[in-house]
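Structure first, commentary second.
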Amino acid sequence: MDVFFKKALSDEYSVTIIDLTSCVEGVVLADAANEQQNVYEAIPRDTDVILHLLNMDMTHDVMDHEEFAKMTDIFWRSTYYMFRSAARLGIRKVIFASSNHVTDRYEEDGRSLLGRQITTDDVPATKNVYGILKFASEQLGRLFHDQSGMSVINLRIGTVVTDEMTALHKKKQRTKKNSAVTRGSCRYDKGSD
């Protein structure tokens with residue numbers, strides 16, 4: 001994902017990737033979930049927008065304590081540190097990569113069980129801890145908007161396949177299940193309720 005955004009945006013924007021590992025040239029190494037190695041120090045001071053994308057492999061086993069601890073670090077703690085750093089640095093825009101898992105109780109095999117499109121007006125209902133943490137992080141974005149005035153977009157990203165270009169060229173086989181889907185977004189701007 002880092003490589004995709006770096007290539008897609010670098011012609012028009014100066015892009016800085018902050019990550020645990022260096023997958024492309026110019027990555028700033030930092031652990032977003034470790035307060036001692038906070039992203040605050042890693043974020044360039046002239047940053048206009050933060051696009052917050054984090055991921056990990058998961059089993060979604062609610063009884064797996066180690067996975068829960070890691071998920072809490074990656075999907076909750078790091079998000080708090082990112083929003084806090086943005087507020088401290090006066091960064092006015094944050095795009096948070098949320099997930100369709102916030103409302104995945106309303107779907108089966110990538111299809112809505114509601115007889116209509118699932119929207120941000122639907123009450124969050126999730127099947128796993130990941131969805132709970134993503135929804136909690138959306139609410140954290142709202143809180144930082146309310147208290148600091150930053151513009152926050154919580155973008156609920158749906159299913160993404162490994163080879164997106166191959167999927168796009170196989171139109172006859174393409175379904176919502178194997179396509180990149182944006183389920184909806186919650187945007188908090190100055191003046192919104």
Being crowded, with 16+ Cβ neighbours inside 10 Å and touching a strand residue (DSSP E or B) at 6+ places or on another chain (Cβ under 8 Å) is the filter here, so list the residues in segment 93-105 that pass it.
Val94, Ile95, Phe96, Ala97, Ser98, Ser99, Asn100, Val102, Thr103
One residue is enough: does segment 125-135 have a residue meeting the conditions in a loop (DSSP other than H, G, I, E, B), crowded, with 16+ Cβ neighbours inside 10 Å and touching a residue at least 12 places away in the same chain (Cβ under 8 Å)?
yes
With the requirement that a residue be in contact with a strand residue (DSSP E or B) (Cβ under 7 Å, 6 or more places away or on another chain), among the aliphatic types (A, V, I, L, M) and either without any contact (Cβ under 8 Å) to a residue 40 or more places away in the chain or closer than 15 Å to Arg77 by Cβ (or both), what does segment 33-56 give you?
Val39, Ala42
Filter result (under 24 Å from Ile95 (Cα atoms) and either touching a Pro at 6+ places or on another chain (Cβ under 9 Å) or surrounded by 12 or more Cβ atoms within 10 Å (Cβ to Cβ) (or both)) within segment 56-67
Met58
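The rows are residues; the columns are (1) among the polar types (S, T, N, Q); (2) in contact with a helix residue (DSSP H, G or I) (Cβ under 8 Å, 6 or more places away or on another chain).
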site	(1), (2)
Ala32	no, yes
Asp48	no, no
Met56	no, yes
Thr59	yes, yes
Ser98	yes, yes
Asp104	no, yes
Candidate set: segment 136-158, residues that are buried (at least 19 other Cβ atoms within 10 Å of the Cβ) and polar (S, T, N, Q); chosen: the one farthest from the chain's Cα centre (by Cα)
Ser137
For the structure I just gave you, tell me whether Asp146 is modelled with pLDDT under 95, in a helix (DSSP H, G or I) and of a type in the set (Asp, Glu).
no
How about segment 110-122: which of its residues are surrounded by fewer than 13 Cβ atoms within 10 Å (Cβ to Cβ) and free of Cβ contacts under 8 Å to residues at least 12 places away in the same chain?
Leu113, Leu114, Gly115, Arg116, Gln117, Asp121
Considering only helices (runs of 4 or more DSSP H) fully contained in segment 1-91, which possess at least 1 residues that are modelled with pLDDT under 85 and more than 29 Å from Asn128 (Cβ to Cβ)?
2-9
Only one of Tyr40, Tyr13 is farther than 20 Å from Asn154 by Cα, of a type in the set (Ser, Thr, Tyr) and out of contact with any helix residue (DSSP H, G or I) (no Cβ under 6 Å at 6 or more places or on another chain); which?
Tyr13
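The values are calculated or read from the model by the stated rules, or taken from the named source; none is laboratory data. If you're wondering where the values come from, they're calculated on a predicted model, not measured in any experiment. Backbone-built Cβ (ideal geometry, glycine too); neighbour counts: all protein chains shown.
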